[in-house]
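A short worksheet on the structure shown next.
The values are calculated or read from the model by the stated rules, or taken from the named source; none is laboratory data. Nothing here was measured: the structure is a model prediction, and the numbers come from that model. Note that each Cβ is placed from the backbone with ideal geometry, even for glycine, and that neighbours are counted across all protein chains shown.
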Amino acid sequence: MSSPVRRFARREWGPLFGTVRRELTARRLKAIPLTLTAVCLTALFQFVQNQDWGYGPVRAVGAVRAEDPLVLALLRTPLSLFVPALDLPVWGALAQILLVFGIAELCLGRWRTLGIAYLATLCGTLYARVGLALGPGTPLLGLPASDAHVVDTGPSAAVVGLAVYVCRRKRAYWTGAAVVLAMVIEAIVKPNLAGKEHLAAIAGVLVLIAVQAWRERGQGGVEPPPGARSWKPPIRS
């Protein structure tokens, strides 16, 4: 590996890799209980919804459509994080959850990871209603009436939102930009509800990042570089 490439890799992924390695070395699988729970729940929902007796119950507790009453959609949204799409390979969803949720939990902690995942999913859910209200005549943002019957993205919006947030926290800016660019290209090449919900999830997370940065500036605090130790004055006898 050439020196410039090595320097870029160290600068881009060094803090992220260091945090993940440190946490996994110290606590192993005990460091990612949320991630393991999410993987197991997603696998369970996938198995159940593919049974004749299970499709209806899974749809009833975790399938969110824009045509649903808002209160019902909000009640279903938390579990919708773990209901994979029927038309996509479940192994891809499980791999995404294991990788992205796992890294996020190691870098952010359990509850912050869960909160950001829910925020990203909720942004996608609410966007679908806005897009339908705007209609197909509105470029980029509008949706056709048929999308009211389409089930939302499931765990993928949460995965995308977490990826962008973690990249910002660990200063992997090029990686975060690549994720955003990939989602924009997806929405252009395949302009369906899922692609636009991914962009809505990213937008919600970027707003959160902007608000947090504004609060940090307002408080006069500067976030220390990843891995930096806080300095304390020496104790004199």
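So the values come out like this:
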item: Set L132, L140: member being modelled with pLDDT under 90 and out of contact with any Ser or Thr (no Cβ under 8 Å at 6 or more places or on another chain); result: L140
item: Pair list, Cβ < 7 Å and 6+ apart or interchain, from segment 127-141 residues that are closer than 16 Å to G195 by Cα to residues that are charged (D, E, K, R) and not in a loop (DSSP other than H, G, I, E, B); result: Y127/K196; Y127/E197; A128/D147; A128/E197; G131/K196; L132/D147
item: Residues of segment 19-43 satisfying the condition of being surrounded by fewer than 14 Cβ atoms within 10 Å (Cβ to Cβ) and not polar (S, T, N, Q); result: R21, R22, A26, R27, R28, L29, K30, P33, C40
item: Index of the failed condition, P191 passing every other in (1) under 14 Å from the mean Cα position of the chain (by Cα); (2) closer than 27 Å to L74 by Cβ; (3) not hydroxyl-bearing (S, T, Y); result: (1)
item: Flag for R65 being modelled with pLDDT under 90 and either out of contact with any strand residue (DSSP E or B) (no Cβ under 6 Å at 6 or more places or on another chain) or not β-branched (V, I, T) (or both); result: no
item: Options Q96, Q51, Q46: the member that is out of contact with any His (no Cβ under 8 Å at 6 or more places or on another chain), at pLDDT below 95 and in a loop (DSSP other than H, G, I, E, B); result: Q51
item: Filter result for L181 (part of a loop (DSSP other than H, G, I, E, B), modelled with pLDDT of 90 or more and of a type outside the set (S, T, Y)); result: no
item: Where A210 falls short, out of the listed (1) buried (at least 24 other Cβ atoms within 10 Å of the Cβ); (2) in a helix (DSSP H, G or I); (3) not β-branched (V, I, T); result: (1)
item: Scope segment 7-43; condition over 12 Å from L106 (Cβ atoms) and of a type in the set (A, V, I, L, M); matching residues; result: A9, L36, A38, V39, L41, A43
item: Set T153, T77: member being modelled with pLDDT under 90, within 14 Å of A200 (Cβ to Cβ) and either in contact with a strand residue (DSSP E or B) (Cβ under 7 Å, 6 or more places away or on another chain) or among the β-branched types (V, I, T) (or both); result: T153
item: Residue check for T121: surrounded by fewer than 19 Cβ atoms within 10 Å (Cβ to Cβ), within 21 Å of V207 (Cβ to Cβ) and polar (S, T, N, Q); result: no
item: Per-region count, segment 157-181, residues among the hydrophobic types (A, V, I, L, M, F, W, C) and more than 14 Å from the chain's Cα centre (by Cα); result: 5
item: Number of the condition not met by L88 [criteria: (1) within 21 Å of the chain's Cα centre (by Cα); (2) assigned to a helix (DSSP H, G or I)]; result: (2)
item: Given (1) out of contact with any Phe, Trp or Tyr (no Cβ under 7 Å at 6 or more places or on another chain); (2) touching a residue at least 12 places away in the same chain (Cβ under 8 Å); (3) under 21 Å from F17 (Cα atoms), number of the condition T121 does not satisfy; result: (3)
item: Sole residue being of a type in the set (G, A, S) and exposed (fewer than 14 other Cβ atoms within 10 Å of the Cβ), chosen from A73, A63, A85, A95; result: A95
item: Filter pass, L34 being over 14 Å from G154 (Cα atoms), within 17 Å of the chain's Cα centre (by Cα) and part of a helix (DSSP H, G or I); result: yes
item: Any hit, segment 103-113, residues being among the small types (G, A, S) and under 30 Å from R22 (Cα atoms); result: yes
